[in-house]
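The values are calculated or read from the model by the stated rules, or taken from the named source; none is laboratory data. Computed from a prediction, not measured in an experiment: that's the story for all the values here. Positions of Cβ are generated from backbone atoms using ideal geometry, with glycine treated the same way; all protein chains shown enter the neighbour counts. The accessibility values were calculated without ligands, DNA or RNA, using every heavy atom of the protein model including side chains. Shrake-Rupley method; radii C 1.70, N 1.55, O 1.52, S 1.80 Å.
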Amino acid sequence: MSETNAEVNQYIKRHYEAGFVTDIESDSLPPGLNEEVIRFISRKKNEPEFMLEWRLNAYRQWLEMQEPEWAHVNYPKIDYNAISYYSAPKSQKDGPKSLDEVDPELLRTYEKLGIPLHERAALAGVAVDAVFDSVSVATTFKEKLSEAGVVFCPISEAIQSHPELVQKYLGSVVPVKDNFFAGLNSAVFSDGSFVYIPKGVRCPMELSTYFRINALNTGQFERTLIIADEGSYVSYLEGCTAPMRDENQLHAAVVELVALEGAEIKYSTVQNWYPGDEEGRGGIYNFVTKRGLCAGAGSKISWTQVETGSAITWKYPSVILRGDNSVGEFYSVALTNNRQQADTGTKMIHLGKNTRSTIIAKGISAGRSDSSYRGLVRVGPKAEGARNFTQCDSLLIGSQCGAHTFPYIESKNNSAVIEHEATTSKVSEDQLFLCQQRGIDPERAVSMIVNGFCKEVFKELPMEFAVEAGKLLEVSLEGSVG
Amino acid sequence: MLSIKNLYAQVEGKEILKGLTLDVKPGEVHAIMGPNGSGKSTLTHVLAGREGYEVTSGSIEFGGSDLLELEPEERAREGVFLAFQYPVEIPGVSNIQFLRTALNSIRKHRGEEEMDAGSFLKLARQKIGMVNLDPEFLKRGVNEGFSGGEKKRNEIMQMLMLEPRLALLDETDSGLDIDALQVVANGVNALRSPERSVLLVTHYQRLLNHIVPDYVHVLANGRIVKSGGRELALELEEKGYGWLNIDEDVAADQES
């Protein structure tokens, strides 16, 4: 057995393919956090008074809060005064006229990441239209969306253009004092996305490629707000499989979803932040608060996530099922390798009658990593006929990794039906040998076995994303078994 | 085709094969019989290259090359196929995806083009019909929720797809009813040709009524103690292993 371990370890030592940094001058605030910093951020963004007040209120609340320590993760204490809370890349300001004017360093980065040529210009912020395919594609998208009445823009823009919607819904699902990281985000959030789907509108496209193009520079404190008005539908894709490096080690994003009566929001994420080196040094700490509110009857919110990056992942996309007959879903694949730590799961809060939720969580651990599922299913006293089905499966690769499951169930209604299934398995030598004996090399075999394990989650992803996610797992596991 | 000379092999430090010598020529079917713990399964696993089965001395030549130098997947690509006694499940990986990956790995090794999805499906449907399994099984996860008999048929189906030069059957007949036994036998017989060889490991003579072997060997205490033709199996059925002067206790002791 020990020989096998040594062999496994040797293979697990894969290197992060995007282990490089780009030097770009930026317009940054010195480290530190106080009310002046918040005023500076708000002023920089030319925000209306209500926004500044909101941020300041959040900051004051945050000062009173404690950093949570209940998660099954270990990291050195973060000094929040050693972080700079505002940074804008300089090259964005003037807007290069063509790729020739773009910082060659940045272009080389895209090349290493394998970003398609036509997307590079847009990512680099080239401000011309019609010249590059992607930009005109984006313009076409914009036209199509505005015809449908869909609002899709950076949240900083929405604060200017749709202040009434922002004021009504921002913080309505994740209150500023919800948790330490959400409080911090509310005070200093940099940017993010805003989506509004009007009544009865089915968003004519998946909000994906467009987002990818616009996703850059949202910074470490990302804030997203999606509102689906009555009877509308939207599928939103966040992140991309291209590995992302960031100078900012701490990331604390907040995502709020609101589904009104009969509306449906499908939110898919692929997260591949820099995980750190083999000892976990330099990896991103990802503390994310994601929550959806099924505000109206018959509404539905579905989270699907594939998590492969970050040194630390602390993330529990949740659904509050307030409307009667509303539906919440959570499909997750979390893969950890080397020294990565993930504590992730979901909360399904059943408040309305006949509310239903499904949780399918798949954890894959390799190397010396640790992966935990933490889930809460709560049924309120008025949630007659509530139903939940939970399935948590863990897959271990090698013998130095860990997988843990922390399910919490609280039911205050006798009519509720809650099911929980959990399994832990290993990629067995028998499975590997069967594959090899049929002519399949071991790396291919592991990726096939892992993809099979994740099948139930992948089938929830939009097709194109599912293929990418499969490939991502393959790359992330490269050489993890000999 | 296959030439095993004076082979010694151990599992977890325990010597199981002790000077085994065997020659299998193209087109021949050899049956290996013997008491529990005599090393029958160890032999098939050593041939397939299973990790943990350590060859300490002796040689195995296959089709002119040194088999022991090859990784398990390379052996498979060279045409060694092992039908498992206890086939494992691979949940979520469809039979069809698994087989297509396998077949194309082998074809690539032979310098052939990958088989396109359409031709592959046609072939797979034909082969699965030969083992009396519903084509629906192609869509299911590898052995996922299959009954014992279905798993064995699936093994034979894979063998028919991959068309090995040397098929190793490790007690494929154990636990099968007479119909399933017939299906397995038909599969193996369909594969028989002047270029292919088969090594059958079995406890029971009855399989050999359906797959008639050219040679029968008795394996005991890690080496072949008696070889003969088809009639040897009948004799064993009648008399047991006792008349061969095998100390069954010693043999059983080899089991771990």
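List of remarks:
- Residues whose placed amide H lies under 5 Å from that of A:His420, excluding near-sequence neighbours: A:Thr390
- Relative pair counts by distance (%), Cα atoms of segment A:264-306, 5 Å bins: 6, 16, 19, 16, 14, 10, 8, 6, 3, 1
- The simple Förster model, with R0 at 60 Å and r as the Cβ-Cβ distance, assigns A:Glu147 and B:Glu235 a FRET efficiency of 0.10.
- For the pair A:Glu164 and A:Leu63, the difference between a 0.36 nm per residue extended length and the Cα-Cα distance amounts to 33.6 nm.
- Reachable lysines from B:Lys18, criterion Cα separation under 27 angstrom, eight or more residues apart if same chain: B:Lys5, B:Lys40, B:Lys226, B:Lys239
- Interface burial for A against B (accessible surface, 1.4 Å probe, total of both chains, Å², rounded to 100): 2200
- Take every Cα pair under 8 Å whose residues are at least 6 apart in sequence, average their separation, divide by the length of segment B:110-256, and the relative contact order is 17 percent.
- Other residues lying with their Cβ under 12 Å from the Cβ of A:Glu69 contribute a combined charge of -1, Lys and Arg counting +1, Asp and Glu -1.
- Cα principal axis extents for segment A:303-358, largest first, Å: 44, 14, 10
- Using a probe of 1.4 angstrom and keeping all protein chains present, the accessible surface of segment B:89-187 works out to 41 square angstrom per residue.
- Tensor-based shape of chain B (alpha-carbon gyration tensor, a/c under 1.5 rounded, otherwise prolate or oblate): prolate
- Per-residue extension of 0.36 nm, minus the Cα-Cα distance of A:Lys77 and A:Val417, leaves a gain of 118.3 nm for this segment.
- Less than 5 angstrom separates the built amide H of B:Gly92 from those of B:Gly141, B:Val142, all sequence-distant by 5 or more or on a different chain.
- Only Cα pairs under 8 Å and 6+ residues apart enter the sum, and on that basis the relative contact order of segment A:298-419 stands at 23 percent.
- Taking a Cβ cut-off of under 12 Å around B:Asp134, the surrounding Lys, Arg, Asp and Glu residues balance to a net charge of +2, with basic ones at +1 and acidic ones at -1.
- Tail fraction, Cα-Cα pairs, segment A:294-423, threshold 26 Å, whole percent: 25
- Peptides A:184-197, A:146-159 ranked from most to least packed, by the mean per-residue count of other Cβ atoms within 10 Å: A:184-197, A:146-159.
- Those lysines that a straight Cα-Cα span of less than 21 Å connects to A:Lys44, excepting residues fewer than 8 apart in one chain: A:Lys90, A:Lys93
- Residue order by solvent-accessible surface for B:Tyr53, B:Tyr86, A:Tyr373 is B:Tyr86, B:Tyr53, A:Tyr373, largest first, with ligands and nucleic acids left out and a 1.4 Å probe.
- When the convex hull of its Cα atoms is projected in every direction, mean area for segment A:246-289 (nm²): 3.8
- Overall shape of segment A:333-396 was characterised from the C-alpha gyration tensor. The equivalent ellipsoid obtained from it has semi-axes of 31, 10, 6 Å, in decreasing order.
- The protection proxy used here, the mean number of other Cβ atoms lying within 10 Å of each residue, ranks peptides B:61-72, A:163-174 as follows, highest first: A:163-174, B:61-72.
- From phi via Karplus (6.51, -1.76, 1.60), per-residue ³J(HN,Hα) for segment B:52-57 in Hz, x at Gly/Pro: x, 9, 9, 7, 9, 7
- Total formal charge among the other residues, if their Cβ is under 9 angstrom from that of A:Gly345, Lys/Arg +1 and Asp/Glu -1: +2
- Residue among B:Ala117, B:Ala220, B:Ala102 with the largest mean-square fluctuation in a Gaussian network model of chain B, springs linking Cα atoms under 10 Å: B:Ala117
- In plain terms, the bigger the Kirkwood radius, the slower the diffusion; for segment B:1-89, with that radius from Cα pairs, at 20 °C and 1.002 mPa s, Stokes-Einstein puts D at 158 µm²/s.
- Amide H contacts of A:Leu293: A:Leu257, A:Val258, A:Ala259, A:Ile320, each under 5 Å away and 5 or more positions distant or on a separate chain (H built 1.01 Å from N in the peptide plane; Pro and chain starts excluded).
- Whole-number Å³ per residue for the convex hull built on Cα positions in segment B:101-196: 106
- Contour excess over end-to-end distance, with Cα ends at A:Glu157 and A:Leu376 and 0.36 nm allotted per residue: 75.3 nm
- 1.4 Å probe, heavy atoms, protein only - residues of segment B:46-88 losing at least 50 Å² accessible area vs chain alone: B:Arg50, B:Glu51, B:Glu73, B:Phe84, B:Val88
- Helix B:230-239 and the longest principal axis of the C-alpha atoms of chain B enclose an angle of approximately 60°.
- Partner chain coverage, peptide A:450-460 - average Cβ within 10 angstrom: 3
- Length-normalised contact order for segment A:351-482 - Cα pairs under 8 Å, 6+ apart - percent: 25
- Segment A:228-376 - convex hull of the alpha-carbon atoms, volume per residue in Å³: 82
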